[in-house]
Amino acid sequence: MDYKSSLIPDGNAMENLEKQLICPICLEMFTKPVVILPCQHNLCRKCANDIFQAANPYWTNRGGSVSMSGGRFRCPSCRHEVIMDRHGVYGLQRNLLVENIIDIYKQECSSRPLQKGSHPMCKEHEDEKINIYCLTCEVPTCSLCKVFGAHQACEVAPLQNIFQGQKTELSNCISMLVAGNDRVQTIISQLEDSCRVTKENSHQVKEELSQKFDALYAILDEKKSELLQRITQEQEEKLGFIEALILQYREQLEKSTKLVETAIQSLDEPGGATFLLSAKQLIKSIVEASKGCQLGKTEQGFESMDYFTLDLEHIAEALRAIDFGTDEDEEEFLDDEEEQEEGVSTEGKEGHQ
């Protein structure tokens, strides 16, 4: 079995094979040496070196002093990041299999007759191949167009010269674009890092702010409990005093009621002698009971609890004024409060004088 014939099929298979042998940088068939990247994609070593140099402008290779550190670039096919050592692209492995396939492909193509339509033909002269380039009009054309056609007065050049020049220019543009893409990818990575750090910092300051407000809530709750306890204590003392007075008055009322009942019974006594025996002492007891009605009383406003009223407006204003700021802003705020307090105390002294 012929190895070459089995490797290089006919028809469209040849075109498909040729597409597989095209470098993604220069868009031509691979030029030896061909290097294989870690991602298994292939490049001409010259093209690989071009994009490597574009992505690492400060790296010097065999032409100058050798850098002690490597560099990196991205595969133009899959964007995989390729990390190089100090040898640069010369440290990449050659793909000898692809190079051999290219040699066999070129030999096969050179042994085949040129098929009609494989080379672009001139539109004005259908039997003439396009073989020159009009520099004046910047279009490819044929020799008859230069001799007899529309490009007689134009300046022309061999097609191969312009072909190589424009292909080199396009390769350089691709290299610059690939390098630009690497720089853009670097910027994107930096911005993504910035987003991540921003989120982390925001979470941190939110936690700190929550902790500070929780501490304020705890202080307010503690103070609230303390003041409520004082009110409760005062309430219990007043209620105890009032309940004691109620008990005294009830005892006095009970004694007076018994005296009244005894006096009524004495009035019903028919015998004068019996009545007189108890009347004098009974009258004396009633008079003493009447004098003893002067028990303790509550003062006017005893029930009031107004002295437990708080004026929290200045604290509420201070809470409303809470905002993000520097330590200098806090110091200025405290200084203003001290000045206001000193002003109030000075006015009070002058009023007393």
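Modelled spin labels at Tyr217 and Lys46, positioned 7 Å past Cα toward Cβ, are 7.2 nm from each other. Note: the range 165-294, Cα convex hull, 126 Å³ per residue.
Within the range 74-88, whose backbone N sits under 19 Å from a point 7 Å along Cα→Cβ of Asp193? So the set is 74, 81-84. Distances between placed amide hydrogens fall under 5 Å for Met29 paired with Cys23, all partners being 5 or more residues away or on another chain. Centre-to-centre separation between the Cα atoms of the range 240-307 and those of the range 204-230: 57 Å.
Multiplying the residue separation of Gln20 and Glu317 by 0.36 nm and subtracting their alpha-carbon distance yields 99.3 nm. Applying D = kT/(6 pi eta Rh) to the range 188-244, where Rh is the Kirkwood radius over alpha-carbon pairs, T corresponds to 20 °C and eta to 1.002 mPa s, the Stokes-Einstein value obtained is 139 µm²/s.
The stretch between Asn161 and Ile246, if pulled fully straight at 0.36 nm per residue, gains 18.1 nm over its current Cα-Cα span.
Ignoring lysines fewer than eight residues from Lys238 along the same chain, the ones with Cα atoms less than 21 angstrom from its Cα are Lys297.
For Val184, the shell of other residues with beta-carbons less than 12 Å away shows a net charge of +2, using +1 for Lys and Arg and -1 for Asp and Glu.
No lab work stands behind these numbers, since they all come straight from the coordinates. Computed from a predicted model, the values in this text were never measured in an experiment. Reconstructed Cβ throughout: ideal geometry from the backbone, glycine too, with neighbour counts over all protein chains shown.
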